[in-house]
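Only the coordinates and a few stated rules stand behind these numbers; no lab work does. From a predicted model like this one, the values you see are computed outputs, not experimental measurements. No Cβ is skipped: glycine too gets one built from the backbone with ideal geometry, and neighbour counts run over all protein chains shown.
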Amino acid sequence: MGRIAVDQEIMDGLPVIKGTRIPVYIILELIEAGYSQSRILSEYPALKEYDIKAALRFASLVTSSL
């Protein structure tokens with residue numbers, strides 16, 4: 001999945017941004033709470049703009065197969 005990693009040894013297998021311990025669900029919850037992209041990036045300096053886009057794409061792919 002490119003920027004998304006799923007590894008049982010990291011965060012009990014939750015999808016995270018590769019190279020971090022930041023779960024995809026955290027990014028989605030921040031967006032739902034009204035955080036802007038720039039605020040998310042300032043709160044989580046390890047993230048890049050493309051990581052946020054990857055989290056959204058991952059969520060879209062997962063939910064489209066339901």
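Ranking Val24, Gly2, Ala59 by Cα position along the charge dipole of the chain, where only Lys, Arg, Asp and Glu carry charges on their C-beta atoms, puts Gly2 farthest toward the positive end. Size estimate for region 4-64 follows the Kirkwood approach: the inverse of mean 1/r over distinct Cα pairs works out to 11.7 Å.
For Ile4, the residues whose modelled amide H falls within less than 5 Å of its own, excluding neighbours fewer than 5 places apart on the same chain, are Lys18.
List the trypsin sites (Lys or Arg not before Pro) within region 1-65 that DSSP assigns to loop and that have no more than 16 neighbouring Cβ atoms inside 10 Å.
Of the trypsin sites (Lys or Arg not before Pro), the ones in loops of region 1-65 whose Cβ has at most 16 other Cβ atoms within 10 Å are Lys18, Arg21, Lys48.
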